[in-house]
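Below is one structure, written out as structure tokens, with a few remarks after it.
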Amino acid sequence: FGDMLSFTLTAFVELMDHGIVSWDTFSVAFIKKIASYVNKFASDISILQRSLAILESMVLNSHDLYQKVAQEITIGQLIPHLQGTDQEIQTYTIAVINALFLKAPDDKRQEMANILAQKQLRSIILTHVIRAQRAINNEMAHQLYVLQVLTFNLLEDRMMTKMDPQDQAQRDIIFELRRIAFDAESEPNNSSGSIEKRKSMYTRDYKKLGFINHVNPAMDFTQTPPGMLALDNMLYFAKHHQDAYIRIVLENSSREDKHECPFGRSSIELTKMLCEILKVGELPSETCNDFHPMFFTHDRSFEEFFCICIQLLNKTWKEMRATSEDFNKARKRVMQVVKEQIMRALTTKPSSLDQFKSKLQNLSYTEILKIRQSERMNQEDFQSLFFFLSLIEFDKCLLPFFPIFFFLKIQPEILELIKQQRLNRLVEGTCFRKLNSRRRQDKFWYCRLSPNHKVLHYGDLEESPQGEVPHDSLQDKLPVADIKAVVTGKDCPHMKEKGALKQNKEVLELAFSILYDSSGQLNFIAPDKHEYCVWTDGLNALLGKDMLSDLTRNDLDTLLSMEIKLRLLDLENIQIPDAPPPIPKEPSNYDFVYDCN
């Protein structure tokens, strides 16, 4: 019975993915039955997997079914599936949680987040998924990324909320910032004389805190983004990292050399920048796997992220010797460096917030300058041709024309080399994923160019291939001669049809289509930017068009630079051997070896 039910559910999933039958046609009894397979922890693995997939599709494709599924399935019933060892089950479980999170009404989303926190979902995922003794596959990485995005999107409401200068509760937060920084335990008496004294004292302290409006700092939080989120971050920093907060405020308020870093203004700008880096408020991409393990190590990860970065900003401000006189100009320069420091640290995928902090300590302003210089030198290799030419004996009359002559002579050869590489890659072929309205599935199709460059072979696969797929196993063919055009991005038919995908910039940047006959089309979504460039370049080369991708420009610059250097060696009669030098014979004795012991 178990195998029969598993096969039946598999067939059902496949049928529904074609979009022939509406999800709204299913009864409550059917939903309850599928939910029962999920609620039984001892269910057969394949049945559980298909049941989770069906529930996810119901939630994503029907608002009515979302409400019914939400009544049948609770987070508490899903948690045990995350504590198992089967990564497929864990992946589908997180996918269901993401679907419920994504489709929840705005007023219910925060409530659901609170339930997830109560059930310790974050720590369970950290222990049983992220830190489990096995590699995280692409689909799991994607679901963790989606959960990360949806969690950070809860900040959007505060990010887009302006502060009400008349709201006493909100004003009390600013008072608390002042109290913690300056330890104002006692207040002047409410006499007419002390009111003016108190106003003067508040104005002075708000200036030290680095606000723009010293009289009414609430006005600093009326711009969105970051709105009230900036004030929330400042208060969290002041309460949970009090020593660091007081040190930064007092250190900058006591400086008289105009190099102080205004805490208030800097916090507002930093919060805005962090929201941009984490893309708060944007829908998750259908293809992105970019989750960060460190954000699963703390219940208040965004606030802790801010606390680390505000200390980095203060440190970088001092290293750059920025001044507060022209804050807007200094802010732009410092923020560019701080953003680069943060982005470079994030690319290393630190496993914890402490590790992230450690990475930042190694990325000082001086180190960033060294990295920039090194990258700039690599990019300017071609431009350094004039410098190399000045070091050799050369006819001075021909010198001005030499770079142009070299470029014109070599460029066609290099472009032909790049073209052949692209076509060879198309002959090897690429495995593409199929996307549908539900989510990215473990469904694949393969496309490759025939060795004679006359036909494109393609077809569906049951699973991701380990190597190249033979031509004879690909059922469909498309003669290159029938191709009318290659379109990309929003001009692709499948980007116009799929409204959900159209909203994702990342998917648009990876989409391309082959148009043939009167209405035929072959739609692609590349696995990454590199494959996108390879395929669009290769298809354009087949059609006799220019290869215009960023990858081609980079390859052209690199190969031109290397070729010019090699030819300059020829001008100095430096012979480059065709084979490596022979390995010398062993010495007759080893008397020269000294034993330190």
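Brief remarks on what is shown
- Shown here are the Rg and Dmax of the Cα trace of the stretch 34-77, at 10.2, 30 Å.
- Radius of gyration (Cα atoms) of the stretch 424-551, expressed as a multiple of 2.2 N^0.38 Å: 1.00.
- Length available on full extension from Gln77 to Ala11: 0.36 nm per residue minus the Cα-Cα distance, which gives 21.2 nm.
- Computed helical MRE - 222 nm, the chain, DSSP H runs ≥ 4 contributing -39500 (n - 2.57), nearest 500: -18000 deg cm²/dmol
- With 19 Å as the limit, the listed pairs Lys434/Lys529; Lys505/Lys529; Lys454/Lys545; Lys162/Lys339; Lys339/Lys359 have Lys162/Lys339 beyond it between alpha carbons.
- The stretch 105-119 - phi-based ³J(HN,Hα) in whole Hz, Karplus 6.51/-1.76/1.60, Gly and Pro as x: x, 4, 6, 9, 5, 5, 4, 5, 4, 5, 5, 4, 5, 5, 7
- Taking packing as the residue-averaged number of other Cβ atoms within 10 angstrom, the listed peptides 156-163, 360-367, 463-470 run from highest to lowest as 156-163, 360-367, 463-470.
- The count of lysine pairs in the stretch 2-134 that are at least 8 places apart or cross chains, and whose C-alpha atoms lie under 16 Å apart, stands at 5.
- Computed log₁₀ I(q)/I(0) - Debye formula, equal Cα scatterers, no solvent, the stretch 159-365, q 0.08, 0.13, 0.16 Å⁻¹: -0.29, -0.75, -1.10
- Given (i) 53.2, 157; (ii) 30.7, 102; (iii) 58.1, 172, the label whose value is Rg and Dmax of the Cα atoms in Å derived from this model: (ii)
- For the chain, the relative contact order works out to 9 percent when only alpha carbon pairs closer than 8 Å and six or more residues apart are counted.
- Compactness ratio for the stretch 2-134: Cα radius of gyration over 2.2 N^0.38 Å (N = residue count) comes to 1.04.
The numbers here are math on the coordinates, done by the rules we state, and not lab data. The model shown is predicted, which means the values in this text are computed figures rather than measured ones. In this analysis, Cβ positions are derived from the backbone assuming ideal geometry, glycine residues included, and neighbour counts consider all displayed protein chains.
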